[in-house]
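In what follows, a single structure is set out as C-alpha cells and then discussed.
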Amino acid sequence: MAKPTLLFECSQCGAQSPKWAGRCFECSGWGTLVQTVSDGTPVNLPPMPSADATPFSEIQSTDIPRVPTGIGELDQVLGGGIVPGSLILIGGEPGIGKSTLLAQVALLLAQDKHRTLYASGEESGQQIKMRLDRLSTSKEDTQHILYVGETNTEKICASIIENKPLLAIVDSIQTVHSNDVLQEAGSISQVRASTMKLLEAAKKHHIPIIITGHVTKEGMVAGPKTLEHMVDTVLYLEGDNQYHFRLLKTVKNRFGSTNELGVFEMTEQGLREVTNPSDIFLSENTKDLPGSVTSVIMEGSRAFLVQVQALTSKTFFGYPQRRAVGFDTNRLQLLIAVLSKRLGLNLGDQDIHLNIVGGFKINEPAVDLAVCAAIISGYKNIALPRDHVVFGEVGLNGEVRPISHADRRLKEASKLGFTYAICPKASYSSPSITLQQIQTLKELEI
Ligand code: TYD
Ligand code: MG
C-alpha cells in the first residue's frame, strides 16, 4: 500500500494543494488551508471491465411516490413531500429553528404511527424529549420516535438500516464522524465522507434521510455548501433573529422545482405555517404616511406585499448619509442619482434612510419604482394613498421597465384590498385593479 502523503485542503471550498499557502488559490480565502493526510490510494489502477450501457427506452419510468410531512409549507418546498431514499440537507444559521422543524415533522409522522429515527450529536435525549413534549399535543406520539445519541456515522447508518424508520434525521452533519477519515468531526473531509455514507444507506434501503448543516454568518466554515452537489435536495432556513418569521427556500431539488418558498413564524409552540405572508410584511398602520409605499415582490413562485419606507432629512454636517436596511445600498445610491438627475430633485443635501418593514431582504429590481416613490413621497412630505401599490424596474435614464410575473403581483395586491397600481407599461391580462401604467419616472405624480 502506498504511503500516506501530506495534503493541504481549504476548509471553505475544499480545494486541495500539495503545499501550504496563506491564501487559497481557488476561493481566495485567507488562512483557510489546513493540513490533511491523503489515504495513499494508488493512482494507477489496473484496467477495469467496461460498464453496462442501456438505452433509455428500456428503462421504465415511474411516478415518484412521496411521503407528506403534514407541514404544508415544507411539503410545497420539497415538491410535494419526501421522496423515499432521498437525502435532504437543511442548512441555516445556528438557532434558526432547524431542529425545531424536524422535531415537528417527526411528531406529525408519529401521529400517523410512522416511525422516525432521530440521531443527534448536538443534544442529549433529555433535551430533545423536552422539546418534543413542548411541541406535541399527545404524549403517546413520542413512542414512534427513536433517539440515537451517537456521532459515529457507520453506527448511525447501521441503526437506520436495522430499525427501518419511515424517515431518519441526522442533526447535525458537523457533529458526526466516519471511520474512513482521520480528521475531526466538522472538517470538510469528515462532512463529505459522512454524507457519502448516509447517501449510500438512503439509496440502498429506500429510507429518506434529512441532515442539518450549520452555516455561519462569516461564511461557510466546513459548510453545507460543499455538500450541495452530493445530496438530492438542499433547503435553507433563513430569517432575522429580531423577527419571528422564517423562510424556507429550495436551493436545489432533484425531485421538484427550486422556485419554492415556505414561510413560517417561530412561536411558543414551534414553527407555525404562515399561509398569507403579506400580512406579516405590511405594517399595521391604517393612515396614509409620507415616505411609505407598498410594493409586491416575488419569492420563487409566490408574490407578497412589502412596505418600503424612506426618511429624508437635511444633512447638517459632512456628506449626506445613505443607509438601507433590507435593500442594497449601492442600488439605493444609484436610484438617488437617477432621481436627482432625471427629476431634478435636490437630494444632495439630504440624508436618506430606507427600510423594508418586517426585516425582509429584497434583491429584485422590481421594487426600484417603490423605492423612488418612497423617497419622493418622504422628501415632499406627501403621502401616497394607502390603497396604492407600486412596482417596476427603474433604468439609468429614469425609464420604468416591465418586470416578470406582473399579473401574479397584481392578483396578490387586489386580493389584499389594494385598488390602484402604479406599474410599468406592458400588457396585463384582465387586471382586477385600476392601473396607472407609466414609462418614465416623470409620470410618477406625487
Ligand atoms: P433550534 O431548532 O434549536 O435551532 P437550530 O437547530 O437551527 O440550531 O431553534 C432554536 C430557537 O428556537 C431557540 O432560540 C428557541 C426557539 N424556539 C421557540 O421559539 N419556540 C419553540 O417552540 C422551540 C422549540 C424553539
Ligand atoms: Mg439544532
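The values are calculated or read from the model by the stated rules, or taken from the named source; none is laboratory data. All figures in this text were calculated on a predicted structure; none of them were measured in a lab. Reconstructed Cβ throughout: ideal geometry from the backbone, glycine too, with neighbour counts over all protein chains shown.
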- request: Could you grab me the full set of residues in region 252-273 that are modelled with pLDDT of 85 or more and more than 16 Å from ligand 2 (Cβ to nearest atom)?
  value: K252, N253, R254, F255, G262, V263, E265, T267, E268, Q269, R272, E273
message: Name the single residue that is farthest from L396 (Cα to Cα) among those in region 425-435 being surrounded by 14 or more Cβ atoms within 10 Å (Cβ to Cβ) and in contact with a Phe, Trp or Tyr (Cβ under 8 Å, 6 or more places away or on another chain).
response: I433
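Yes or no, residue by residue, for (1) free of Cβ contacts under 8 Å to residues at least 12 places away in the same chain; (2) away from ligand 2 (no atom under 15 Å from the Cβ); (3) surrounded by fewer than 17 Cβ atoms within 10 Å (Cβ to Cβ):
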| residue | (1), (2), (3) |
| --- | --- |
| P55 | yes, yes, yes |
| T69 | no, yes, no |
| D75 | yes, yes, no |
| T100 | no, no, no |
| G121 | no, no, no |
| D133 | yes, yes, yes |
statement: Residue hits (region 326-346; more than 19 Å from V390 (Cβ to Cβ) and of a type in the set (A, V, I, L, M)) are A337
Single unsatisfied condition, G80 versus (1) away from ligand 1 (no atom under 16 Å from the Cβ); (2) within 25 Å of E162 (Cβ to Cβ); (3) not in a strand (DSSP E or B): (2)
field: Scope region 136-151; condition within 19 Å of L101 (Cβ to Cβ), modelled with pLDDT of 90 or more and part of a helix (DSSP H, G or I); matching residues
entry: H144
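Which of the residues belonging to region 114-133 are over 26 Å from the mean Cα position of the chain (by Cα) and either assigned to a loop (DSSP other than H, G, I, E, B) or basic (K, R) (or both)? Walk me through how you get there before you give the answer.
Step one: of region 114-133, the residues over 26 Å from the mean Cα position of the chain (by Cα) are 114-115, 124-127, 129-130, 133.
The answer is H114, R115, S124, K129.
How many residues does region 360-411 hold that are assigned to a helix (DSSP H, G or I) and among the hydroxyl-bearing types (S, T, Y)?
Initial filter on region 360-411 (assigned to a helix (DSSP H, G or I)): 365-380, 406-411.
Among the residues that remain, those that are also among the hydroxyl-bearing types (S, T, Y) are: 377, 379.
So the answer is 2.
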field: Residue within region 212-221 that is more than 16 Å from ligand 1 (Cβ to nearest atom), surrounded by fewer than 24 Cβ atoms within 10 Å (Cβ to Cβ) and modelled with pLDDT under 90 present
entry: yes
- prompt: Residues in region 19-37: is at least one acidic (D, E), modelled with pLDDT under 85 and surrounded by 11 or more Cβ atoms within 10 Å (Cβ to Cβ)?
  reply: yes
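Does K155 meet the test of being under 20 Å from T212 (Cα atoms), within 16 Å of ligand 1 (Cβ to nearest atom) and surrounded by fewer than 20 Cβ atoms within 10 Å (Cβ to Cβ)? Show your work before the answer.
Numbers: under 20 Å from T212 (Cα atoms): yes; within 16 Å of ligand 1 (Cβ to nearest atom): no; surrounded by fewer than 20 Cβ atoms within 10 Å (Cβ to Cβ): yes.
Against the criterion (under 20 Å from T212 (Cα atoms), within 16 Å of ligand 1 (Cβ to nearest atom) and surrounded by fewer than 20 Cβ atoms within 10 Å (Cβ to Cβ)), K155 does not qualify.
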query: How about region 359-375: which of its residues are surrounded by fewer than 24 Cβ atoms within 10 Å (Cβ to Cβ) and of a type in the set (V, I, T)?
result: I362
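Here is a yes/no grid of residues against (1) farther than 30 Å from A193 by Cα; (2) without any contact (Cβ under 8 Å) to a residue 24 or more places away in the chain; (3) away from ligand 1 (no atom under 16 Å from the Cβ):
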| position | (1), (2), (3) |
| --- | --- |
| T233 | no, no, yes |
| Y236 | no, no, no |
| Y243 | yes, no, no |
| L248 | no, no, no |
| K252 | no, no, yes |
| E260 | no, no, yes |
| F264 | yes, no, no |
| V274 | yes, no, no |
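Mind listing whichever residues of region 158-187 are more than 16 Å from ligand 1 (Cβ to nearest atom) and either among the β-branched types (V, I, T) or out of contact with any strand residue (DSSP E or B) (no Cβ under 8 Å at 6 or more places or on another chain) (or both)?
Going through region 158-187, the residues more than 16 Å from ligand 1 (Cβ to nearest atom) turn out to be 158-168, 177-185, 187.
Listed by number, the residues that qualify are A158, I160, I161, E162, K164, D180, V181.
From the list I188, I173, I160, which residue is over 28 Å from S28 (Cα atoms) and of a type in the set (V, I, T)? Don't jump to the end; show me each part of the working.
On the way: I188 fails: over 28 Å from S28 (Cα atoms); I173 fails: over 28 Å from S28 (Cα atoms).
Sole residue among the options that is over 28 Å from S28 (Cα atoms) and of a type in the set (V, I, T): I160.
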message: Suppose we filter Q104, Q111 for residues that are polar (S, T, N, Q), farther than 23 Å from E228 by Cβ and within 16 Å of ligand 1 (Cβ to nearest atom); which single one remains?
response: Q104
